[in-house]
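The values are calculated or read from the model by the stated rules, or taken from the named source; none is laboratory data. Please read these numbers as outputs of a predicted model, since none were measured by experiment. Cβ atoms come from the backbone with ideal geometry, glycine included; neighbour counts cover every protein chain shown. SASA here: full protein model, heavy atoms, side chains in, ligands and nucleic acids out. Shrake-Rupley method; radii C 1.70, N 1.55, O 1.52, S 1.80 Å.
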Amino acid sequence: MRAIVAVDGAAGRRLAEALRAEGVEVPVTVTADAPADAVADTMTGHGDVSAAVLLGELARADVVVLAVARHTLTAQVVTACDRFGVRIVAVCDGDADERLAAMFGLAASTADEAVTQVVAPRAAPAAAQPRGRVIAVWGAAGSPGRTTVAIELACELARDGRRVALVDADAHAPSIALMTGLADEGPGFAAACRQAERGTLTVAELARIAVPLGTVEVLTGLNRPGRWPELTGARVTAALERCRDWVDDVVVDVAASLERDEEIVSDLDGPRRNAATLGVLGAADLVVAVVAADPVGVSRFVRAHAELRAAVGATPVRVLVNKSRASALGMDARGQVRRAIERYAGIRDQWFVPWDPKATDAAMLAAQPIAHIAGRSALAGAMRRFVGAAIEPPAARTAPRTPRAATRRTSRQDSRAQKPVARTTAGGAATARAHP
């Protein structure tokens, strides 16, 4: 592990010696304001050789121990450390410094605690609540609407007050940031993976590098698909395990390809193009398989279903048929898709989302989720019913005691079979299954 000590005077020298005694490599010890000055000078184009050397050391470091003050802990320093994947150990001297560190999502440490925080970061407090679950959103090749479903699924899960994270783990064509209007220059999921590999990823770090989308926390994807080697299987799995301690539900958007390329490469230890997708599917508690409601989309899903099952094992899979419309399949479009998937893939439980170009175009124009722009649209209603029936089943109700009451309830359900039903009712789940 490499650490840079940015603490003034004799305290910095003592801290560097203590770190070296613990086996930590400390290439440089600088004054507390040196990182902020180097970053500011480089941004303005006035940086000298010493500033460039310090930034080079910062890029190669794992941790920077920084004495906190208003002129040392700046937004530019935090952004630079995020881009380099460097963890900041904030050394505070007083309440004002602690409040400043908290503004950037950093845990305050004293000079005596700094060595421990570098060698063994403060772990997340043990919680009595169950750990969060991982929901992977996958779909066969093409454009079945994986990303749209992932975004809407995360927003719908967050409606009831649950803590939800949306993760873009698509190593081929990441697009969550583009579709939601979020900046993708930040570290996002790749930085979380790098820190998870080093064992330094904490809940506080996840909260700091995440970008809010309403009530949903987002870890954006790679800003260049060429950076896919950063998302190795081990890194992705470790990052998702830490995310379970962070939120209640982690919705992960993955790429379509499930191929394992070990047989076509000579370096068996090298990175794999689809390692992120396979790692997410292997760690998932539930998989939402998105199918495009047209002949090509159904055919691709049926052919890829065997590979999906091999990748997820016994993990439950919920099939969501997206863009359902009669114009592509003729009369009884849903019935045709249902029978084809049941016949060739053996899947009986299916849910349907209608083709709703007006709502999707409005959301794309505003760069916002459909749930925020057109919450009463047919697509949003279908996603609400899908979550209520397939993702978060509503509580079962007690059966009526008299046959007459049962008859009245059945007649009410039949009369409202084609209307959107709130997912908190047992009738909503039954309607979603009978009339998807």
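Each row is one residue, and each column tells you yes or no for (1) more than 30 Å from residue 220 (Cβ to Cβ); (2) basic (Lys, Arg); (3) open to solvent by 50 Å² or more (accessible area, probe 1.4 Å); (4) touching a Leu at 6+ places or on another chain (Cβ under 8 Å).
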| site | (1), (2), (3), (4) |
| --- | --- |
| 38 | no, no, no, yes |
| 49 | yes, no, yes, no |
| 60 | no, yes, yes, no |
| 74 | no, no, no, no |
| 77 | no, no, no, yes |
- From the option list 171, 150, single residue qualifying as outside any strand (DSSP E or B) and farther than 16 Å from residue 286 by Cβ is 171
- Of the residues in region 337-390, those that are among the β-branched types (Val, Ile, Thr) and within 17 Å of residue 143 (Cβ to Cβ) number 4
- Kindly indicate whether residue 87 is closer than 25 Å to residue 192 by Cβ, open to solvent by 40 Å² or more (accessible area, probe 1.4 Å), touching a residue at least 60 places away in the same chain (Cβ under 8 Å) and of a type in the set (D, E, K, R). no
- Item | Members of region 9-36 that are closer than 17 Å to residue 77 by Cα and open to solvent by 50 Å² or more (accessible area, probe 1.4 Å) | 29, 31, 33
- When you go through 49, 39, 24, 5 one by one, which is the residue that is modelled with pLDDT of 90 or more, out of contact with any Phe, Trp or Tyr (no Cβ under 8 Å at 6 or more places or on another chain) and aliphatic (A, V, I, L, M)? 5
- What about residue 61, is it under 23 Å from residue 15 (Cα atoms), in contact with a Lys or Arg (Cβ under 6 Å, 6 or more places away or on another chain), modelled with pLDDT of 85 or more and small (Gly, Ala, Ser)? yes
- Scan of region 339-362 for residues that are of a type in the set (Asp, Glu) and over 28 Å from the mean Cα position of the chain (by Cα), ordered by number: 342
- Note on the structure: Just one listed residue, out of 211, 250, is under 28 Å from residue 117 (Cα atoms), at pLDDT 95 or above and in contact with a strand residue (DSSP E or B) (Cβ under 7 Å, 6 or more places away or on another chain), and it is 250
- Got at least one residue in region 316-331 being free of Cβ contacts under 8 Å to residues at least 12 places away in the same chain and under 20 Å from residue 149 (Cβ atoms)? no
- Selected residue [within 13 Å of the chain's Cα centre (by Cα) and surrounded by fewer than 24 Cβ atoms within 10 Å (Cβ to Cβ)] from 185, 230, 241, 197: 241
- Test: residue in region 211-220 that is among the β-branched types (Val, Ile, Thr) and open to solvent by 40 Å² or more (accessible area, probe 1.4 Å): yes
- With (1) more than 26 Å from the chain's Cα centre (by Cα); (2) touching a residue at least 40 places away in the same chain (Cβ under 8 Å); (3) surrounded by fewer than 20 Cβ atoms within 10 Å (Cβ to Cβ) as the list, and residue 336 as the residue in question, which single condition is left unmet? (2)
- Note on the structure: The correct count of residues that are surrounded by fewer than 20 Cβ atoms within 10 Å (Cβ to Cβ) and either at pLDDT 85 or above or not small (Gly, Ala, Ser) (or both) in region 118-133 is 7
